[in-house]
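Colleague: Below you'll find the structure I mean.
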């Protein structure tokens, strides 16, 4: 790396584990790189090869984050003499791409489904000998007749399928289910997250569960506080409240032995100071342990469904800057127009006003930067990124020496593919998988004909 290379690494917040950028660096030519063991990927080379818009996924990051998570939970379980076990269940809604799901289940991760179609994928994996019967599947979401029938079918085939009761009607439907079930509680605790808890439609109130008394084969008490919980104290307050409810239900239901704390572990999208994973896990275990001691009950097994936590950092999205336009009376001085769409490709920009960490793919050591906002390629005025009213610093186009400027948006591996659309009939980005030094095209860039067929043309 050139002189002052460290300065640029720090400026773009790369190579830092606390920001989930530890695998990212800068080449001697000032281009974004990713290191996987002995392999290094030059992102500028990849976008020149595959074009843009482009998603680049790194399954090795998912695998590492999963193994680190399991190791951290098991470390504090042993350190605190906790008697329950830890189980991770990957929520498939976060990212259903097989290039991410297969490495996880090969490492021993269990699954969580929220629909018939997600459970159908489990059946497909099992029929292809890619899903071991020792792995467990938790089934959330409204249970249609079709969904319930598939749950029953897979259970009869020998798979460990646990439906989670969401309401009284599901309780009635699952009374005759001859295997383990779970039940979901509606929590009153409020946390700062992406979920509007003001009108929560999921689960049963604790009083409703108490009134049910003994529930046949009850195994799991489940709750979910929403995605991207920004407060560590909020996470722990929810655990504390759930553990107290668990203790009361446990006395009615001796078969109950597992507390599922759901998802919510936040990702440091903006690369600012953030709570640590280890610190949260340590507090989760100590909190549950203390409440169990107070209530004289055994420690429950713990399930976490931290999907965004695993998936978001394992993908970046690349756009080309097409042109620039001046802005008057704003914090930013220019619009940079990209060759993709925020509304289509990174819908959280529009839906929940997600902020992204954005870095240049090339010209990363440029001394002069512009204060910019980003405009998407659709005709919609909401198709833009204004950094919450602030601005992004990116290399000046006039200094690019005739080459295109490319930018990378970090942490795009969670939900964006699943929620993507085709506003203005724009094509989805191509997707490339980088693993063990091998590049695989997981999704070709759609042609106009292919997009048109989606709408009957």
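Colleague: Go through the residues of region 378-392 one by one and say whether even a single one is in contact (Cβ under 8 Å) with a residue 60 or more places away in the chain, touching a helix residue (DSSP H, G or I) at 6+ places or on another chain (Cβ under 8 Å) and farther than 30 Å from residue 310 by Cβ.
Modeller: For region 378-392, residues in contact (Cβ under 8 Å) with a residue 60 or more places away in the chain, touching a helix residue (DSSP H, G or I) at 6+ places or on another chain (Cβ under 8 Å) and farther than 30 Å from residue 310 by Cβ: absent.
Colleague: What number goes with the only condition from (1) closer than 30 Å to residue 233 by Cβ; (2) over 22 Å from the mean Cα position of the chain (by Cα); (3) at pLDDT below 95 that residue 175 does not pass?
Modeller: (1)
Colleague: Can you go through 64, 13, 49, 7 and tell me which one is surrounded by fewer than 20 Cβ atoms within 10 Å (Cβ to Cβ) and in contact with a helix residue (DSSP H, G or I) (Cβ under 6 Å, 6 or more places away or on another chain)?
Modeller: Being surrounded by fewer than 20 Cβ atoms within 10 Å (Cβ to Cβ) and in contact with a helix residue (DSSP H, G or I) (Cβ under 6 Å, 6 or more places away or on another chain) holds for just one of 64, 13, 49, 7, which is 13.
Colleague: Another question, then. In the set 343, 311, which member is over 30 Å from residue 164 (Cα atoms) and surrounded by 15 or more Cβ atoms within 10 Å (Cβ to Cβ)?
Modeller: On the way: 311 fails: over 30 Å from residue 164 (Cα atoms).
Among 343, 311, only 343 is over 30 Å from residue 164 (Cα atoms) and surrounded by 15 or more Cβ atoms within 10 Å (Cβ to Cβ).
Colleague: Could we say that residue 285 is closer than 17 Å to residue 79 by Cα, in contact with a helix residue (DSSP H, G or I) (Cβ under 8 Å, 6 or more places away or on another chain) and outside the structural domain of residue 346 (by TED's automatic domain parsing) here?
Modeller: Details: closer than 17 Å to residue 79 by Cα: yes; in contact with a helix residue (DSSP H, G or I) (Cβ under 8 Å, 6 or more places away or on another chain): yes; outside the structural domain of residue 346 (by TED's automatic domain parsing): yes.
For residue 285, the condition - closer than 17 Å to residue 79 by Cα, in contact with a helix residue (DSSP H, G or I) (Cβ under 8 Å, 6 or more places away or on another chain) and outside the structural domain of residue 346 (by TED's automatic domain parsing) - is met.
Colleague: Do you know which of the residues in region 87-99 that are part of a helix (DSSP H, G or I) and either out of contact with any strand residue (DSSP E or B) (no Cβ under 7 Å at 6 or more places or on another chain) or modelled with pLDDT of 95 or more (or both) is surrounded by the fewest Cβ atoms within 10 Å (Cβ to Cβ)?
Modeller: Ranking the qualifying residues of region 87-99, first place goes to 98.
Colleague: Is region 223-231 home to any residue that is assigned by TED's automatic domain parsing to the domain that holds residue 184, farther than 20 Å from residue 86 by Cα and surrounded by fewer than 20 Cβ atoms within 10 Å (Cβ to Cβ)?
Modeller: yes
Colleague: Continuing with this model, one more query. Does residue 357 satisfy the criteria of being farther than 20 Å from residue 316 by Cβ and either modelled with pLDDT of 95 or more or surrounded by 14 or more Cβ atoms within 10 Å (Cβ to Cβ) (or both)?
Modeller: no
Colleague: Assess whether residue 453 counts as being free of Cβ contacts under 8 Å to residues at least 40 places away in the same chain and not in a loop (DSSP other than H, G, I, E, B). Spell out the reasoning first.
Modeller: Values: free of Cβ contacts under 8 Å to residues at least 40 places away in the same chain: yes; not in a loop (DSSP other than H, G, I, E, B): yes.
Yes.
Colleague: In the set 202, 223, which member is under 18 Å from residue 261 (Cα atoms), at pLDDT 90 or above and under 22 Å from the mean Cα position of the chain (by Cα)?
Modeller: 223
Colleague: I'm trying to understand the selection: among the residues of region 292-308, which are part of a helix (DSSP H, G or I), touching a helix residue (DSSP H, G or I) at 6+ places or on another chain (Cβ under 9 Å) and surrounded by fewer than 18 Cβ atoms within 10 Å (Cβ to Cβ)?
Modeller: Of region 292-308, the ones part of a helix (DSSP H, G or I) are 292-295, 307-308.
Within this subset, residues satisfying the condition of being touching a helix residue (DSSP H, G or I) at 6+ places or on another chain (Cβ under 9 Å) are 292, 294-295, 307-308.
Passing the criteria: 294, 295.
The values are calculated or read from the model by the stated rules, or taken from the named source; none is laboratory data. If you're wondering where the values come from, they're calculated on a predicted model, not measured in any experiment. Don't worry about glycine lacking a Cβ; one is built from the backbone with ideal geometry, like all the others, and counts go over all protein chains shown.
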